[in-house]
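A quick write-up on the structure given underneath.
The values are calculated or read from the model by the stated rules, or taken from the named source; none is laboratory data. What you are looking at is a predicted structure, and each value in this text was computed from that prediction instead of being measured. Note that each Cβ is placed from the backbone with ideal geometry, even for glycine, and that neighbours are counted across all protein chains shown.
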Amino acid sequence: MIVKKEDIIKLPGLVDVHVHLREPGATYKEDFESGTRAAVAGGYTQILDMPNNVNPTTTPARLQEKIRVSKGKIWCDLGFNFGATVDSTRYFPKVYKKTFGLKIYMSQTTGPLLVNKLQEQDLIFKSWLSNLPTMVHAEDELVEVAIRLAKKYKRKIHICHMTANQLKAIKKARKEGLKITCEVCPHHLFLNRSDLKRLGPLGMMKPPLLSKSDQQKLWMNLSEIDMISTDHAPHTLEEKYDQSSPKFGVPGLETTLPLMLEAVARGKISIGRLVEMTSTNPRKIFHLPAQPNTFMTVNLEERYKISKKGLFTKCGWTPFVGLEGRGEIKKVVLRGQIIFENGRFSGKPQGKVIYPD
Ligand code: NCD
Ligand code: ZN
């Protein structure tokens, strides 16, 4: 096929503030190398790693260990979010300049981090020193507790993986002047509860898939949502199908751009708004350092069904199998160097560990 020049578009490197790279502690399902390869293959050049490792990122030593281990292995730029527990508050003065968001798990999820007592949540909101957002995992109406605490201590707050039933509370808080931002995940945009019949455990994540009308509500309210984050949360197939302790979470770094470009083609979102939600806004909100001369080129003529073939994530599966995808990344350029071209990585990993600007 002859590719016309008009079919190739240039996009900025994408940004994802919500990624679980699993190193250290669970490198059998992802590590810094494989996870950042998956990121670049999906068009991401800057990502933030979440703290819910087996030994969570809740001390300066564990943060330092991640920084040390990741050096020389990362294909894109990588920053870290810090884990909130009552004990970790004492380290906030030491780590707040080295990390982006403080992540507080107010609802139960994968990993050992859960803070479900109001008194403890209060102390954490009170203690975080950074002027970057506290990132909250607060499902359903728990979001209102998080909003109250953010108001009380005048903190910026970022609602992770928001769901349609939280839109009202988020809009209200914004109207009242709270610095509140939110992200939506591709699985909540492209899947709903009825897909569970087909996907079984592969469709299980936190927060869970909701109804088709909730899914549609997210699309109708994209203008209220600041960014798209993948919540890339790889688990092995064995873990997903293990009925004695099912693991929640799905991978997403390599499938978000093709799914969203297909949505652009169908008129569900403009390309400009997609760039805002996947690059401009997260960069601004999380004070991410600029990445000069960093971009990708994409052939928009390429259309295909999403499959697990050729995925770089170690977990090797995707819940989006069979969905329409669009766009083939021709190349990804990081600070002037081609790091990925026609499906292949070139040179050595050029990613840097990043700190807030
Ligand atoms: C995430 C994971 O596996 O680490 N799982 C998930 O279902 N989203 C944890 C999280 O983000 O809550
Ligand atoms: Zn997550």
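Of all residue pairs spaced 6 or more apart or on separate chains, those with beta-carbon atoms under 6 Å, a first member in region 244-263 that is under 19 Å from Glu183 (Cα atoms) and touching a residue at least 40 places away in the same chain (Cβ under 8 Å) and a second member that is within 16 Å of ligand 2 (Cβ to nearest atom) and among the charged types (D, E, K, R) are Phe248/Lys206.
Scanning region 219-251 for residues that are within 13 Å of ligand 1 (Cβ to nearest atom) and over 19 Å from the mean Cα position of the chain (by Cα) returns Glu239, Lys240, Ser245, Pro246. Looking at region 245-264, which of its residues are under 14 Å from Tyr44 (Cα atoms) and aliphatic (A, V, I, L, M)? Residues satisfying the conditions are Leu253, Leu257, Met260. Scanning region 327-357 for residues that are closer than 24 Å to Tyr304 by Cα, free of Cβ contacts under 8 Å to residues at least 24 places away in the same chain and touching a strand residue (DSSP E or B) at 6+ places or on another chain (Cβ under 7 Å) yields Glu341, Asn342.
Regarding Pro208, is this residue part of a loop (DSSP other than H, G, I, E, B), within 15 Å of ligand 1 (Cβ to nearest atom) and loosely packed, with under 15 Cβ neighbours inside 10 Å? Here the answer is yes, as Pro208 does meet what is asked. In region 102-126, the residues that are more than 24 Å from Pro208 (Cβ to Cβ) and among the β-branched types (Val, Ile, Thr) form Cβ pairs under 8 Å with partners that are outside any helix (DSSP H, G or I) and within 13 Å of ligand 2 (Cβ to nearest atom), at six or more places apart or across chains, as follows: Ile124/Ile104.
Considering region 33-59, the residues that are outside any strand (DSSP E or B), touching a Lys or Arg at 6+ places or on another chain (Cβ under 8 Å) and not hydroxyl-bearing (Ser, Thr, Tyr) include one that is nearest to ligand 2 (Cβ to nearest atom), namely Met50.
Yes or no: region 221-242 includes at least one residue that is part of a helix (DSSP H, G or I) and within 16 Å of ligand 2 (Cβ to nearest atom).
Let us first name the residues in region 221-242 that are part of a helix (DSSP H, G or I), namely 222-224, 237-241.
Filter again for within 16 Å of ligand 2 (Cβ to nearest atom), leaving 239-240.
Yes: one or more hits.
The residues in region 118-132 that are modelled with pLDDT of 95 or more, out of contact with any Lys or Arg (no Cβ under 7 Å at 6 or more places or on another chain) and either within 14 Å of ligand 1 (Cβ to nearest atom) or not aliphatic (A, V, I, L, M) (or both) can be counted, and the count is 6.
Surrounded by 15 or more Cβ atoms within 10 Å (Cβ to Cβ) and touching a Pro at 6+ places or on another chain (Cβ under 9 Å): is that true of Glu120 in this structure? Working first, answer last.
Working: surrounded by 15 or more Cβ atoms within 10 Å (Cβ to Cβ): yes; touching a Pro at 6+ places or on another chain (Cβ under 9 Å): no.
In short, no.
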